[in-house]
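Below is one structure; the comments refer to it alone.
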Amino acid sequence: MANKNIELVKEGFANGISTHLFDNGNKALTKEQLEDIIDNAALHFGKFLEALGCDWKNDPNSTGTPRRVAKAYVNDLWAGRFSPPPEITAFPSDGYDGLVVESNIPITSMCSHHHETIKGYVTIAYVPVKDGKVIGLSKFNRVVEHFGRRGQIQEQLTVAIHHAIDILCEGNIGVAVSIDATHNCVSCRGVKHDGASMQTTKLSGCFLEEDSSRAEFMMHVSDAVRKRSHS
């Protein structure tokens, strides 16, 4: 299955694709293009440190920090902004029309307000039609990585993953996404409370219209929490 346009927000936003990727036709950036982005970002991060009164150029522990931070954003923390959507493989469902669910998908993201980490777990479910198709299970994980590695609030992240699964799982009769995550901006600044977690859920189709489908999904969400607590 070819890449589909699964993006929801304007390019350039922290939770959207980078303007660099958009200008490249949403095709994979070359190594040289990524290096140019890193070089430019490192230059400006060095100026940011200087604005804070940090003599990073003469500090042996900080001389490489601007470039390390720039590489972290491009290659890891915001990697989903610099990469095209994942290729998705679909298979005939062969009459299967029950719940398809994957739980405890790890997610690492970043709050767009303070650029602090968001870490947690995702549960994704959908219901295919009998004569429809199902997607490879690992594609759930790839979608989570694609949208997780950006700057955003958890509510936006939940909607983005739901929207992508709804498009990629053609002919589904319902999609459900739940995220349980902790936010470093809560534990290290402001109120400074450790251990607080946030739960967000986005439902559509049968998960909104049928109590039994919704209850089955929420049972899997609860089971996932129990498994994590006993691991």
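The values are calculated or read from the model by the stated rules, or taken from the named source; none is laboratory data. Everything numeric in this text was worked out from a predicted model, so none of it was measured. All Cβ positions, even for glycine, are placed from backbone atoms using ideal geometry, and neighbour counts span all protein chains on display.
General remarks:
One line per residue, one yes/no per condition, for (1) more than 30 Å from Asp36 (Cα to Cα); (2) outside any strand (DSSP E or B):
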| residue | (1), (2) |
| --- | --- |
| Glu87 | no, yes |
| Phe91 | yes, no |
| Gly95 | yes, yes |
| Ile105 | yes, no |
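- Taking the numbered list (1) modelled with pLDDT of 95 or more; (2) under 21 Å from the mean Cα position of the chain (by Cα) in turn, Asn5 passes all entries but (1).
- In segment 14-45, the residues that are of a type in the set (S, T, N, Q) and in a helix (DSSP H, G or I): Thr19, Gln33, Asn40
- Within segment 197-222, if we keep just the residues that are touching a residue at least 24 places away in the same chain (Cβ under 8 Å), among the polar types (S, T, N, Q) and under 24 Å from Phe147 (Cα atoms), the residue that is surrounded by the fewest Cβ atoms within 10 Å (Cβ to Cβ) turns out to be Ser197.
- Of all residues in segment 19-57 being touching a helix residue (DSSP H, G or I) at 6+ places or on another chain (Cβ under 9 Å) and among the small types (Gly, Ala, Ser), the one that is surrounded by the fewest Cβ atoms within 10 Å (Cβ to Cβ): Ala28
- Screening segment 144-158 for residues that are under 17 Å from Leu203 (Cα atoms) and of a type in the set (A, V, I, L, M) and picking the one that is surrounded by the fewest Cβ atoms within 10 Å (Cβ to Cβ) gives Leu157.
- Matching entry among Val127, Val69, Val100, Val74 (being in contact (Cβ under 8 Å) with a residue 12 or more places away in the chain and touching a Pro at 6+ places or on another chain (Cβ under 7 Å)): Val100
- Candidates are the residues of segment 172-196 that are of a type in the set (S, T, N, Q) and under 17 Å from Val144 (Cβ atoms); the one that is surrounded by the fewest Cβ atoms within 10 Å (Cβ to Cβ) is Thr182.
- Options Arg214, Arg189, Arg150: the member that is among the charged types (D, E, K, R), under 23 Å from Leu8 (Cβ atoms) and assigned by TED's automatic domain parsing to the domain that holds Leu99: Arg150
- The requirement of being on the phi > 0 side of the Ramachandran plot, free of Cβ contacts under 8 Å to residues at least 60 places away in the same chain and not charged (D, E, K, R) is fulfilled somewhere in segment 177-195, by at least one residue.
- Filtering segment 107-120 for residues that are of a type in the set (Asp, Glu) and in a strand (DSSP E or B) leaves an empty set.
- Considering only residues in segment 60-115 that are among the charged types (D, E, K, R) and surrounded by fewer than 16 Cβ atoms within 10 Å (Cβ to Cβ), the one that is nearest to Val221 (Cα to Cα) turns out to be Asp97.
- Residue match in segment 71-84 (condition: part of a loop (DSSP other than H, G, I, E, B), of a type outside the set (A, V, I, L, M, F, W, C) and over 30 Å from Phe22 (Cβ atoms)): no
- Matching residues in segment 152-172 - criterion: being touching a helix residue (DSSP H, G or I) at 6+ places or on another chain (Cβ under 8 Å) and in contact (Cβ under 8 Å) with a residue 60 or more places away in the chain: Gln152, Leu157, Ala160, Ala164, Leu168
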